[in-house]
1. For GLN114, list long-range residues whose amide hydrogen, built 1.01 Å from N in the peptide plane, is under 5 Å from its own amide hydrogen.
2. Starting from the Cα of ARG21, step 7 Å along the direction of its Cβ; do the same at THR145; then give the gap between the two resulting points in nm.
3. Where does region 2-172 land on the Kirkwood hydrodynamic radius, alpha-carbon pairs, in angstrom?
4. Taking the Cα centre of region 2-172 as origin, work out the dipole magnitude from +1 charges on Lys and Arg Cβ and -1 charges on Asp and Glu Cβ, in debye rounded to 20.
5. What is the extension gain from SER63 to SER33, computed as 0.36 nm multiplied by their sequence separation minus the C-alpha to C-alpha distance, in nm to one decimal?
6. Summing +1 for each Lys or Arg and -1 for each Asp or Glu, what net charge is found among the other residues whose Cβ lies under 14 Å from the Cβ of GLU35?
7. Neighbour counts of other C-beta atoms within 10 Å: give me TYR151, TYR135 arranged from fewest to most.
8. Tell me, what HN-Hα J-couplings in whole Hz come from the Karplus equation 6.51 cos²θ - 1.76 cosθ + 1.60 at θ = phi - 60° for each residue of region 32-45, using x for Gly and Pro?
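Values quoted throughout were computed directly from the atomic coordinates according to the rules given, and no laboratory measurement underlies them. On a predicted model such as this, the values are computed, not experimentally measured, just so you know. Note that we place each Cβ from the backbone using ideal geometry, even for glycine, and neighbour counts take in every protein chain shown.
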Amino acid sequence: MLRWIRWVWIEFQKDRQQQQRWKEQEQRIEQLSIEQARAEALQVLQDESVFRLVPVSTPPNSSILAQLPEEVRELAAQYEQIQMMPAAGEDTAGLDFGRIVPAELREGYLRIGQWGIDTDVYTEVVVRLGDRGVYELCWSETEPTRFHSVYHWILWHYWHERISREVEEQYTDRT
């Protein structure tokens, strides 16, 4: 019984610390200009424990590329895909500039990535004409989540993953 109580307490502490660290990071990312987010995102993309970068093999369709925000065009010119390294048993998720198509979940958006393809949390990463923002459309949500730019989206996901891993590692020693 005491072992179970200790486990519950550690899980509670782990979750609390993760939430606190994540909230601080989320606020910091929100405050970044696009230029600041770009500089940091280009740096964190080199973290191979979080991202797998697939270089462009064939140039993207120029008519589709012209519809994308400048920041997305910059990345699409270099990478066919920017994948988040999946945990065991998860689908590969991330940005796929090689398959830019109209969004399935809402009209007026172009899908530049997705994850949770075969799950109940299916999410499309999308952009829309005339907007520098990047959105996440989840089939179960009525309103999309907006990020200031693709660089802010990359940082949000990078730091969410890093904090989760760091807190997990910190508490692994305690169990």
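1. Amide H neighbours of GLN114: GLY94, ASP96, VAL125.
2. Taking the simple label geometry, ARG21 and THR145 are separated by 1.8 nm.
3. Radius from the Kirkwood sum: 17.2 Å.
4. It works out to roughly 300 debye.
5. On the way: separation 30, 0.36 × 30 = 10.80 nm, distance 2.80 nm.
This chain segment gains 8.0 nm when fully extended.
6. Details: positive: ARG38, ARG132; negative: GLU40, GLU70, GLU71, GLU74.
Cβ neighbours under 14 Å give a net charge of -2.
7. TYR135, TYR151
8. Working through the residues one at a time gives 5, 6, 4, 5, 5, 5, 4, 4, 6, 5, 5, 6, 6, 4 Hz.
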